[in-house]
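Let me begin by presenting the structure, written as structure tokens, before commenting on it.
Quick note: the coordinates plus some simple rules give every number you see, no bench work behind them. On a predicted model such as this, the values are computed, not experimentally measured, just so you know. Here the Cβ is made from the backbone with ideal geometry for all residues, glycine too, and neighbour counts use every protein chain on show.
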Amino acid sequence: MNDMSRHQDLSPQADVGSDLDAFWMPFTANRHFKSAPRMLERAEGMYYYTPEGRRILDGTAGLWAVNAGHCRKPIVEAIQKQAAKLDFAPTFQMGHPLAFELSNRLLGILPPEFGQVFFCNSGSEAVDSALKIALAYHRMRGEGQRTRLIGRERGYHGVGFGGISVGGIAGNRKHFGPMLAGVDHLTHTHNLEHNAFTKGQPQWGAHLADDLERILALHDPSTVAAVIVEPVAGSTGVLIPPVGYLQKLRDITAKHGILLIFDEVITGFGRLGSPFAAQHFGVVPDLMTMAKGLTSATVPMGAVAARKGLYETFMQGPEKTIELFHGYTYSAHPLACAAALATLDVYRDEGLLTRAAELAPQWERAMHGLRDCPNVVDIRNIGLIGAIELAPRAGAPGTRAFDAFTRAFHEQDLLTRITGDIIALSPPLIIEPAQIDDIAASLRQVLTTLD
Ligand SMILES: Cc1ncc(COP(=O)(O)O)c(C=O)c1O
């Protein structure tokens, strides 16, 4: 197609479906993909289907997101019904019933300390919203000097400028200039020397939280607004918090009047066997971000939950004045609310928010059963999350896991996810025991034949 026809002719073109050039794919090796595409055309339950009709076992819940399984009827129908009833309504100075219903339903599964929910459209927006709420909260209390934000090395908090600033993955930061000022990072908790092949939480490493005291001493605690961490770091390749680590962060932040934010975009909605990681680890933060499993990824939606007292701090000044100058056109979009409410029904009716706890022992055995495969330097697991870390090929880091990923897809009909030389797994929470065995068998096949 030449440039002119592309601009002038809006009728369907014979070649538009097969021309892969126009879509600039996110977080993708575009040239490699387009030379050997991996297409998914439809999905049902635990499986994707390719255009050629191959059935692909979803080992990653899409992107850590499709917790209820694919194309679940009650969720699909709720979205369809809502689209015909109320397609859109603004939530700036207006409201619609589902937004309030969903907020209350979420409070029902959050720790009882939480009081309000703020909606957005993605995990990245949830993170930026949480950071902004933290900054504004301190200002409302007359502590506007608290402007510093502390993240953690290897953290992933999405791709907004706030998220990459507090995030700690070098590749996500290096092209994008200085980012937010006044950000510092805790050391990460990954340590193969002490913790390789740990099942569940490592015993070693709680002391790494003391790094926060070092950072606070440097900047003075009174300048710090918030500390943000993923309770289990996901996208960087599954880093599981050592026993006692998160509680230490809680104690130190509370001592200094600093807000603690848990980024629960991956860990929320049953991934660890509790509704949220906060409950799993018994540590209550001040703000929690969520997305992904909130609608089982059917309609984009993110949210920030705020501990009781934060919202009240904003409720001052003249009553006709906006209290928080923040929001998105699609905050609490009716289709997303309908999808989330139906998803919460499925979670409740099928016990999915606690199912990972039941499956975790078998999952753990299946993952650690791969320990003898070549090049495996670590295996770690918690809830329905697993990671297999491979030794990098000399001079070509990342290529061994990349080959494992493509071969799992093309040869074993299994969808996995990779970061560097780590294979990460996080299947839908509806997975059956036999499918856990299928994942392990496919991975064994790939790993034993990979150079
Ligand atoms: C912990 C965490 N925070 C934020 C995000 C960003 O979410 P989104 O891609 O929906 O913007 C992700 C995505 O994987 C995530 O894992």
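Descriptive notes on the structure:
- Looking across the range 111-125 at every residue that is out of contact with any helix residue (DSSP H, G or I) (no Cβ under 8 Å at 6 or more places or on another chain) and outside any helix (DSSP H, G or I), the one that is nearest to the ligand (Cβ to nearest atom) is identified as SER122.
- Some residue of the range 288-299 being within 22 Å of ASP128 (Cα to Cα), of a type in the set (Gly, Ala, Ser), surrounded by fewer than 24 Cβ atoms within 10 Å (Cβ to Cβ) and away from the ligand (no atom under 16 Å from the Cβ): no
- Test result for LEU98, away from the ligand (no atom under 16 Å from the Cβ), among the hydrophobic types (A, V, I, L, M, F, W, C) and either in contact with a His (Cβ under 9 Å, 6 or more places away or on another chain) or closer than 26 Å to ALA424 by Cβ (or both): no
- Residues (more than 16 Å from the ligand (Cβ to nearest atom) and either part of a helix (DSSP H, G or I) or crowded, with 24+ Cβ neighbours inside 10 Å (or both)) located in the range 126-147: LEU135, ALA136, TYR137, HIS138, ARG139, MET140
- Taking the criterion of being under 20 Å from TYR156 (Cα atoms) and hydroxyl-bearing (Ser, Thr, Tyr), the residues of the range 193-240 that qualify are SER235, THR236.
- Screening the range 250-267 for residues that are more than 16 Å from the ligand (Cβ to nearest atom) and in contact (Cβ under 8 Å) with a residue 40 or more places away in the chain and picking the one that is nearest to the chain's Cα centre (by Cα) gives LEU259.
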